[in-house]
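The block underneath contains the structure these notes are about, expressed in structure tokens.
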Amino acid sequence: MLNYQVWVADAEGHYLDVMLQWEHPRNSGPVVELSLPVWIPGSYLIREFSRHVVSFEALANGMALPHSKANKNTWQVELPPSVMAGHGPGVRMECKWRVYAWDLSVRGAHVDGNHAFFNGTSVFLCPKGKEESPVQLTLARTNQAKGEWTVACGLPSEAGTLTDDHGCPLLPPGGHVRLHAPNYDSLIAHPVEMGDLVTRSLEACGVPHVVAVYGADEDVDLERLCTDLQPVCEAQIRLFEPDSGQAPFERYVFMLHATDDGYGGLEHRNSTALLCGRHDLPQLGVKDAPKGYNTLMGLCSHEYFHSWNVKRIKPAAFVPYRLHEENYTRLLWIFEGFTSYYDDLMLARAGYYKEDDYLKAFAKTHGHVHKGPGRQVQSVAESSFEAWTKYYRQDENAPNAIVSYYGKGALVAFCLDASIRLQTAGRHSLDCVMRQLWRDKGLTGRGLGEHEFAEVVTRATGLDLRAEIATWTETTAELPVQELLAKLGYDLKQSPAKEAIGLGLNGQFKPEGMLVKQVINCSAAHRAGVSAGDVLVAVGKRRLTEANYKRFLQSAVPGQTVELIGFRAERLTHFEATAQPAVSNEWTIEPRLEKNGDHPTAPWAVAQ
């Protein structure tokens, strides 16, 4: 067994101390290697978590041992002959290390005097050869700590653990909480949030779900959040198991860290770590939900759907995860894109969104994808494969070079869903495909092959859509979203531009002018030679402020010569751009007045 213990060693310095005890078999040799992952599943970037390990020591039978780094994320411990020659089948090993934890995201570890959040990939070294050993994790606090903490985690705690009313363990100063995992993979699949948490619970299809929030204002209305989440969770469970309504977990935890302006989420097997703005949470006594609440609900729905799609239904490239290197797949458009399609769709089916709300959200997704010229350069399959080097490493040229496998993947999902419904007169849908994936892959543990998806579609629906899927995912051809919406009885229209002209640049206004962040290929700014990093200070012989710039875009005329003055590398620079007609990035979707029963049911109306 691997026995890990974690405690906050220095809240002011943001340090966690970790201790690992286990028995090293003598017949395994005198060298012990312990490694830390370099990336975390669900976030496709090499993050080098080992850079946050600031100290390491090793002991065997109480004796300090020499150790060294074998590579960037592996520690090597040498056992002397005197230790190896001892009696018994194994050597009692103990390693200790300290981790710097000040990453305020859902991917790493963050510690202060009021809470500690960490992912196992950031803190738990694993001895080579012990990956399948059972794990005991002890969360401890020093006697000097202040106040009782609540622990939110998807791992089960040992019998007799004191909990709050919602099943979350309580951790007083000087106390400890013990959690258990069947192996190392399970350990790192369950992040821990502990601190001054506010907790509430709900039940979906008989399964308890906990909402644990850190950092929220005192008037947060978690009862409302639970009430809104409950039908969404049930809708998703019944999507995959319409007959039994059986969830793939016995308990689920939403871990939510509220900050001033945070946003993000990361999926796990029976929990999710979320980051949101405090102002996005509902308030007690306030009827209207805040502006960002829909976004938060969509985020919760997205990460919850991942419980099936990517955590259990996986690409073959992720079975098993290889956490010391990139794991390449061309299928993230399924695992992230389809999840992005279903997140808002499930809000509609659960009754949280009215049809008009959903259509606005879907039109927004279409607009985001359509505005980027990168969709004409990179296919969504290429975007998936290059996530490690392009999507997660975006620079000033990103809009010109990449397409999002989230957004375009969602549009591919719609095209597939609509095509199936139309070609089967509504008898089948993408829901049938997802259930087929669940039976074939999710319940068996077998990964989805890189070229297997079209076969799954055929098994689920009887349709041969190989050509369409290949065109939509392996080429940069425009998707038939507008055509398919029309066949379902809806019109997709581009809204009129709010400005008269466009220059094709994105920037940030500062006191000295506009700092150019991005220049769109073939735009007026591109042809004039404006580049990212330039600071523009004047346009049309007027000082460039945000208000002046908006007025200029509204009053100028296409074809007009636009004079731009700015600085590049501290040198005065002059540009002349020819104004182009403005193009709107906003779209609307509206039901046709003549829509009748001849149209198959739209995906957002009812589950199939």
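Identify the residue in region 187-202 that is open to solvent by less than 30 Å² (accessible area, probe 1.4 Å) and assigned to a loop (DSSP other than H, G, I, E, B) and, among all such residues, is nearest to Ala273 (Cα to Cα). If you could, list the steps in order and put the result at the bottom.
At the first step, the residues of region 187-202 found to be open to solvent by less than 30 Å² (accessible area, probe 1.4 Å) are 187-195, 197, 199, 202.
Filter again for assigned to a loop (DSSP other than H, G, I, E, B), leaving 189-191, 197.
Working: Ala189: 11, His190: 10, Pro191: 7, Leu197: 14 Å.
It comes out as Pro191.
Given the structure, is Glu594 at pLDDT 95 or above and of a type in the set (D, E, K, R)? Spelling it out, it is not the case that Glu594 is at pLDDT 95 or above and of a type in the set (D, E, K, R). Remark: pairs (first residue in region 416-444, in contact (Cβ under 8 Å) with a residue 24 or more places away in the chain and surrounded by fewer than 21 Cβ atoms within 10 Å (Cβ to Cβ); second residue part of a helix (DSSP H, G or I) and among the β-branched types (Val, Ile, Thr); Cβ separation under 7 Å; 6+ apart in sequence or on different chains) = Thr424/Thr461; His428/Ile420; His428/Thr461; Cys432/Thr461; Gln436/Val456.
Only one of the listed residues (Asp217, Asp261, Asp221, Asp228) is more than 23 Å from Ser43 (Cα to Cα) and open to solvent by 50 Å² or more (accessible area, probe 1.4 Å). That residue is Asp217. Checking Ala381, Ala316 one by one, the residue that is over 25 Å from Leu274 (Cα atoms) and open to solvent by 30 Å² or more (accessible area, probe 1.4 Å) is Ala316 and no other.
What are the residues in region 459-474 that are open to solvent by less than 10 Å² (accessible area, probe 1.4 Å) and either in a helix (DSSP H, G or I) or of a type in the set (Lys, Arg) (or both), if any? Give the steps one after another, and end with the answer.
Step one: list which residues in region 459-474 are open to solvent by less than 10 Å² (accessible area, probe 1.4 Å), which gives 465, 473.
Across region 459-474, the qualifying residue is only Thr473.
Output yes when any residue across region 561-570 is farther than 28 Å from Gln376 by Cα, open to solvent by 70 Å² or more (accessible area, probe 1.4 Å), in a strand (DSSP E or B) and of a type in the set (A, V, I, L, M), and no when none is. Taking every residue of region 561-570 in turn, none turns out to be farther than 28 Å from Gln376 by Cα, open to solvent by 70 Å² or more (accessible area, probe 1.4 Å), in a strand (DSSP E or B) and of a type in the set (A, V, I, L, M).
The residue that is surrounded by the fewest Cβ atoms within 10 Å (Cβ to Cβ), among those in region 49-85 that are of a type in the set (Phe, Trp, Tyr) and over 30 Å from Glu336 (Cβ atoms), is Phe56.
Restrict the check to region 203-210 and report whether at least one residue is surrounded by fewer than 23 Cβ atoms within 10 Å (Cβ to Cβ), in a loop (DSSP other than H, G, I, E, B) and acidic (Asp, Glu).
Of the residues in region 203-210, the ones surrounded by fewer than 23 Cβ atoms within 10 Å (Cβ to Cβ) are 203-208.
Applying the additional criterion that residues be in a loop (DSSP other than H, G, I, E, B) yields 205-206.
With acidic (Asp, Glu) added as a condition, the list becomes none.
No - not one qualifying residue is present in region 203-210.
Conditions (1) part of a strand (DSSP E or B); (2) buried (at least 18 other Cβ atoms within 10 Å of the Cβ); (3) touching a residue at least 60 places away in the same chain (Cβ under 8 Å); (4) among the hydrophobic types (A, V, I, L, M, F, W, C), marked per residue:
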{"residue": "Leu485", "(1), (2), (3), (4)": "no, yes, yes, yes"}
{"residue": "Asp491", "(1), (2), (3), (4)": "yes, no, yes, no"}
{"residue": "Ala497", "(1), (2), (3), (4)": "no, no, yes, yes"}
{"residue": "Gln508", "(1), (2), (3), (4)": "yes, no, no, no"}
{"residue": "Cys522", "(1), (2), (3), (4)": "no, no, yes, yes"}
{"residue": "Gly533", "(1), (2), (3), (4)": "no, no, yes, no"}
{"residue": "Val537", "(1), (2), (3), (4)": "yes, no, no, yes"}
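Highlighted here are the strands (runs of 3 or more DSSP E) found entirely within region 61-112 that include at least 1 residues which are in contact with a Pro (Cβ under 9 Å, 6 or more places away or on another chain) and not hydrophobic (A, V, I, L, M, F, W, C): 74-78, 90-100.
Quick one: count up the residues across region 142-164 that are in contact (Cβ under 8 Å) with a residue 24 or more places away in the chain and either open to solvent by less than 60 Å² (accessible area, probe 1.4 Å) or closer than 27 Å to Cys226 by Cβ (or both). Full working, then the answer.
Start the filter on region 142-164 by keeping residues that are in contact (Cβ under 8 Å) with a residue 24 or more places away in the chain, which leaves 142-156, 164.
Next, only the ones that are either open to solvent by less than 60 Å² (accessible area, probe 1.4 Å) or closer than 27 Å to Cys226 by Cβ (or both) stay: 142, 145, 147-156, 164.
Summing the residues that are in contact (Cβ under 8 Å) with a residue 24 or more places away in the chain and either open to solvent by less than 60 Å² (accessible area, probe 1.4 Å) or closer than 27 Å to Cys226 by Cβ (or both) in region 142-164 gives 13.
If you go through region 15-30 and keep only what is closer than 12 Å to Tyr100 by Cβ and open to solvent by 30 Å² or more (accessible area, probe 1.4 Å), you end up with just Tyr15.
Given the options Lys360, Lys371, name the one that is modelled with pLDDT under 95 and among the charged types (D, E, K, R). I'd like the intermediate steps shown before the answer.
Working: Lys360 fails: modelled with pLDDT under 95.
Only one candidate qualifies: Lys371.
If only residues of region 165-186 that are more than 27 Å from Gln230 (Cα to Cα) and within 23 Å of the chain's Cα centre (by Cα) are counted, the one that is most open to solvent (accessible area, probe 1.4 Å) is Asp185. The set of residues in region 265-295 that are without any contact (Cβ under 8 Å) to a residue 24 or more places away in the chain and crowded, with 20+ Cβ neighbours inside 10 Å comprises Cys276, Asp280. Restricted to region 142-165, and to residues there that are modelled with pLDDT of 95 or more and in contact with a Gly (Cβ under 8 Å, 6 or more places away or on another chain), the residue that is farthest from Pro320 (Cα to Cα) is Trp149. Residues that are open to solvent by 10 Å² or more (accessible area, probe 1.4 Å) and over 20 Å from the mean Cα position of the chain (by Cα) were ranked within region 91-125; the one that is nearest to Gln5 (Cα to Cα) is Lys96. Scanning region 31-48 for residues that are in contact with a strand residue (DSSP E or B) (Cβ under 8 Å, 6 or more places away or on another chain), hydrophobic (A, V, I, L, M, F, W, C) and either within 22 Å of Gly265 (Cα to Cα) or buried (at least 17 other Cβ atoms within 10 Å of the Cβ) (or both) gives Val32, Leu34, Leu36, Ile40.
Return the only residue of Leu345, Leu332 being touching a residue at least 60 places away in the same chain (Cβ under 8 Å), farther than 19 Å from His451 by Cβ, in contact with a Pro (Cβ under 9 Å, 6 or more places away or on another chain) and not hydroxyl-bearing (Ser, Thr, Tyr). Don't jump to the end; show me each part of the working.
On the way: Leu332 fails: farther than 19 Å from His451 by Cβ.
The conditions single out Leu345.
Candidates Val412, Val456, Val403: the one that is β-branched (Val, Ile, Thr), crowded, with 18+ Cβ neighbours inside 10 Å and in a loop (DSSP other than H, G, I, E, B) is Val403. Has region 118-129 got at least one residue that is among the basic types (Lys, Arg) and touching an Asp or Glu at 6+ places or on another chain (Cβ under 7 Å)? Yes, there is a match, as at least one residue in region 118-129 is among the basic types (Lys, Arg) and touching an Asp or Glu at 6+ places or on another chain (Cβ under 7 Å).
The rows are residues; the columns are (1) within 29 Å of His370 (Cα to Cα); (2) in contact with a Cys (Cβ under 6 Å, 6 or more places away or on another chain); (3) not aromatic (Phe, Trp, Tyr).
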{"residue": "Arg435", "(1), (2), (3)": "no, no, yes"}
{"residue": "Trp438", "(1), (2), (3)": "no, no, no"}
{"residue": "Gly442", "(1), (2), (3)": "no, no, yes"}
{"residue": "Arg459", "(1), (2), (3)": "no, no, yes"}
{"residue": "Glu468", "(1), (2), (3)": "yes, no, yes"}
{"residue": "Thr471", "(1), (2), (3)": "yes, no, yes"}
{"residue": "Glu478", "(1), (2), (3)": "yes, no, yes"}
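Of everything in region 21-49 that's out of contact with any Leu (no Cβ under 8 Å at 6 or more places or on another chain) and small (Gly, Ala, Ser), which residue is nearest to Phe335 (Cα to Cα)? Filtering first and then ranking leaves Ser28.
The values are calculated or read from the model by the stated rules, or taken from the named source; none is laboratory data. Model, not experiment: these values are computed from the prediction. Note that each Cβ is placed from the backbone with ideal geometry, even for glycine, and that neighbours are counted across all protein chains shown. Surface accessibility is based on the protein's heavy atoms, side chains included, excluding ligands, DNA and RNA. Shrake-Rupley method; radii C 1.70, N 1.55, O 1.52, S 1.80 Å.
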